[in-house]
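Okay, so here's the structure we're looking at.
The values are calculated or read from the model by the stated rules, or taken from the named source; none is laboratory data. This one's a predicted model, so the numbers in the text were calculated from it and none came from an experiment. Heads up, the Cβs are rebuilt from the backbone with ideal geometry, glycines too, and the neighbour counts pull from every protein chain shown.
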């Protein structure tokens, strides 16, 4: 009863409704393990009051209460995890990283602590390999985090250039959602990244023939055709993905962290290599306008401009040179 009254008193005195920060893409389930020496009641009460403030939209109140919990008990890992998530949402990467590391140190068996560390490494520090390792440790410790972290793990495996992990994730998705055609899209992209585009093409066409045709499936088919050098076929696949996306299909965002830039970059590349350079240049320039950091597109735009240069009109007498 004393604990409940303390939580209520802290919540009532500390929480005010204020704009919430941008939410982190992943939820962080709390994890408080029973132990021989449980956290002091006051630390837990401050922690729960912090959760109440966060739910009420009072970020400052939540931070204050969670910090109070850690003052009472500096080993209370859930408070580090919750506070670190708030810091990350506020863009305070260094503070978020410090809390994630403190949470892991305080409770090395905490899946949510490792999930937070993965988020900080992904969102705040752009370190895909380390982020993926942290996420996967989170899932090993807490299987309930597999589904919530799947999208982040896929994006990090792609960014880190780890096709073996992409294959494992594709199989994980197919096992969890056996009737979802996106499983084939994930597998097709993984097989292409692994250097086996022919197997990817076969897998994707088989799924398309079953009538399930989300944009992500056509995009993955474009990727496998492109890897085989079948640019005319790749162009058709990317065009179909574009049509579906423009009509409201959101599936590309499931397989790509930057779906619009990726689609137009790939479509432009296919146009250039299929000999449709004017269209290719248009697509590539649009991709570059929304993703200026992709400097590799400048080379492709240059190729498109070269193939647009008119061929000189041959002389009527090619063996004759003026001045002879």
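The residues of region 192-209 that are under 21 Å from residue 133 (Cα atoms) and in a helix (DSSP H, G or I) amount to a single one, 193. Does region 104-114 contain any residue that is crowded, with 19+ Cβ neighbours inside 10 Å, modelled with pLDDT of 95 or more and outside any helix (DSSP H, G or I)? Looking for residues that are crowded, with 19+ Cβ neighbours inside 10 Å, modelled with pLDDT of 95 or more and outside any helix (DSSP H, G or I), one finds at least one in region 104-114, hence yes. Among the residues of region 237-250, the ones that are part of a loop (DSSP other than H, G, I, E, B) and within 14 Å of residue 220 (Cβ to Cβ) come to 1 in all.
For (1) touching a strand residue (DSSP E or B) at 6+ places or on another chain (Cβ under 8 Å); (2) under 13 Å from residue 225 (Cβ atoms); (3) assigned by TED's automatic domain parsing to the domain that holds residue 231; (4) modelled with pLDDT under 95, each residue gets a yes or a no:
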{"residue": "170", "(1), (2), (3), (4)": "no, no, yes, no"}
{"residue": "174", "(1), (2), (3), (4)": "no, no, yes, no"}
{"residue": "179", "(1), (2), (3), (4)": "no, no, yes, yes"}
{"residue": "182", "(1), (2), (3), (4)": "no, no, yes, no"}
{"residue": "188", "(1), (2), (3), (4)": "no, yes, yes, no"}
{"residue": "196", "(1), (2), (3), (4)": "no, no, yes, no"}
{"residue": "201", "(1), (2), (3), (4)": "no, yes, yes, no"}
{"residue": "204", "(1), (2), (3), (4)": "no, yes, yes, no"}
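Taking the criterion of being touching a helix residue (DSSP H, G or I) at 6+ places or on another chain (Cβ under 9 Å) and outside any helix (DSSP H, G or I), the residues of region 251-296 that qualify are 251, 256, 257, 258, 274, 275, 276, 291, 294, 295.
When you look at residue 299, is it over 23 Å from the mean Cα position of the chain (by Cα), at pLDDT below 95 and not in a helix (DSSP H, G or I), yes or no? Spell out how you get there, then give the answer.
On the way: over 23 Å from the mean Cα position of the chain (by Cα): yes; at pLDDT below 95: yes; not in a helix (DSSP H, G or I): no.
Here the answer is no, as residue 299 does not meet what is asked.
Among the residues of region 243-253, those identified as crowded, with 19+ Cβ neighbours inside 10 Å and within 18 Å of residue 188 (Cα to Cα) are 251, 252. Apart from one condition, residue 91 fits all of (1) in a helix (DSSP H, G or I); (2) modelled with pLDDT of 95 or more; (3) closer than 30 Å to residue 154 by Cβ; the exception is (1).
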